[in-house]
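Here, each number is a calculation from the coordinates, and none is a lab measurement. All of these numbers come straight from a predicted model, not from anything done at the bench. Every residue, glycine as well, gets a Cβ built from its backbone with ideal geometry; the counts of neighbours run over all protein chains shown.
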Amino acid sequence: MATVELRFSALPEHVRTARLVAAAVARRSGVEEAVLDEVRLAVGEACTRAVGLHQTSGVSAPVRVLLIEEEKQFSIEVGDEAPRSAAGALAGGGDEMDAESEDEMGLAVISGLVDDVEVSADEHGGHIRMSWPTPPTALLP
């Protein structure tokens, strides 16, 4: 299992870099060419969501992206450190209804792009894991 880890300041201008790196690693791991646009869009949406959550919550920690190559799948994990209250809304100031609505819309877009997606969040932050199948590697003699 090979893993590439990317951390970036929660600024919108870094989301493009995350998309480019994700597409390059996905291509190298064997994700079908026709699926690469979905990978780019899903990573862009997940990273944009994480950046927005960090900015809304005043979190200065970087956004974390893990790109994981496994035998039959390629996975991307995007993590944020924006705390959520027990009700699921962002903890802290700002207009919580607007932030929660944008959060739900972002998750809906990701779910529409990726068949295998897991989302979790608690008072320490959130985590999105997305996976795509890859062809099995040829066994060498």
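Please report, to one decimal in angstroms, the Kirkwood hydrodynamic radius of segment 2-133 built from all distinct Cα-Cα pairs.
14.7 Å
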Exercise. Name the long-range amide H neighbours of residue 10: under 5 Å, sequence gap of 5 or more, or other chain; modelled H, no Pro or chain starts.
Key: 63
Quiz item: Which ³J(HN,Hα) values in Hz, rounded to whole numbers, follow from the phi angles of segment 71-83 under the Karplus curve 6.51 cos²θ - 1.76 cosθ + 1.60, where θ = phi - 60° and Gly and Pro get x?
Solution: 4, 10, 7, 10, 10, 10, 10, 10, x, 10, 10, 7, x
Quiz prompt | Charge dipole magnitude, Cβ of K and R +1, D and E -1 - segment 2-133, Cα centre, debye nearest 20 | solution = 540 debye
Exercise. Kindly list the residues of segment 60-85 that lie in the label zone of residue 120, defined by a backbone N under 13 Å from the point 7 Å along the Cα-to-C-beta vector.
Key: 78-80
Quiz prompt | Positive-pole candidate from 111, 83, 8, dipole of segment 2-133, charges at beta carbon | solution = 8
Practice problem: Grab the Cα-Cα distance for residue 71 and residue 41, subtract it from 0.36 nm times how many residues apart they are, and report the gain in nm with one decimal. | Solution: 8.5 nm
Quiz prompt | Distant-in-sequence amide H partners of residue 84 (H built 1.01 Å from N, under 5 Å) | solution = 91, 122, 123, 124, 125
